[in-house]
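Structure, as structure tokens:
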Amino acid sequence: MLPFRKILFPVDYSQPCEAVIPYVKEMVRRFSADLTVVHAFGAEALASSQLPLTHPDLPAEACAYETHRLQDFARDMFPGQHVESFAEVGDPATVIDNLVQHQGTDLVMLPTHGRGPIRRFLLGSVTAKVLHDLSAAVWTGTGSSLAGHSPGIPYKSVLCTLDDSDEVEGVLKAAATLACAYQAQLFLVHVVSAPAGNSDIDMIPYTKELVETADVKLRELKGQLGIQAAHSVLEGEVSECVRQEAIRRKADLIVTGRGQMQSKFSRMWSQLYPIVRESPCPVLSI
């Protein structure tokens, strides 16, 4: 948790991966954090080796090649900075998880990699596994919000999404700490949705009550924590409301909850993938 002291950057040498580099540099510099890069490889790397496929030294040869390649990448992308590097055979999400546990990583930073004709509706499998399995904070952004755009760093506007879960206080504290570290404006948003299966007319009084109740709770929470930040309570579909609010607030980063929600299915956890997928800026899930 904040302040971030150990940052892990999974590398696959893709364009979206390279687009994350300025954000990684900024986060490392801002918190004086240690940086580790990791690359997981499998059959394709082994097949590219110059050795015959039956050669007993094939895995070692491929590992040596990938290790040197990753070290060269770290030296070129992060000149003058000490960077630990690990190149390992295996499933990327599993390799990342093992390294997080071994190093006590505070933050993992990676892009999404949804591919194919339905990529708009999916997150990359590695990103999905990381978001679901890891206890560390995860920073991620879609390729469309990173590649080809000037990085929105240092962050000047941070949007924090809140719900009714038990972790709301921790998420708000983290967002406030991050905004303070960057001297950025902090904005809060809570989205309410009327239950399905009823007519819009029938739900008007009920939805109004939900909005009013959420507004009161947000004001009370800000008062308890001594946090001064503008907030909005919106009604509608969560990811779309968050996306629109991020655009309205010109957010450079969205902070949302994730940690405790992994063990109990909550409304915000169920919306995490759509929020990441549709966000116009990077998303930090706590």
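For the stretch 55-81, how many residues meet the condition of being at pLDDT 90 or above and touching a strand residue (DSSP E or B) at 6+ places or on another chain (Cβ under 9 Å)?
The first filter runs over the stretch 55-81 and keeps only residues at pLDDT 90 or above, leaving 66-81.
Those still in the list that are touching a strand residue (DSSP E or B) at 6+ places or on another chain (Cβ under 9 Å) too: 66-71, 73-75, 77-78, 81.
Result for the stretch 55-81: 12.
Consider only pairs whose beta carbons are under 6 Å apart and that are at least six residues apart or on different chains; among these, list those whose first residue lies in the stretch 19-42 and is buried (at least 17 other Cβ atoms within 10 Å of the Cβ) and modelled with pLDDT of 95 or more and whose second residue is among the acidic types (Asp, Glu) and not in a helix (DSSP H, G or I).
What qualifies is 36/84.
Filter the stretch 150-180 down to the residues that are at pLDDT 95 or above and surrounded by fewer than 17 Cβ atoms within 10 Å (Cβ to Cβ) and list them by number.
156, 173, 177, 180
Report yes if residue 212 is more than 27 Å from residue 273 (Cβ to Cβ) and at pLDDT below 95, otherwise no. First the steps, then the outcome.
Details: more than 27 Å from residue 273 (Cβ to Cβ): yes; at pLDDT below 95: yes.
So residue 212 passes the test.
The values are calculated or read from the model by the stated rules, or taken from the named source; none is laboratory data. This is a predicted model, so every value here is computed, not measured. FYI the Cβ positions are ideal-geometry reconstructions off the backbone, even for glycines, and counts take in every protein chain you see.
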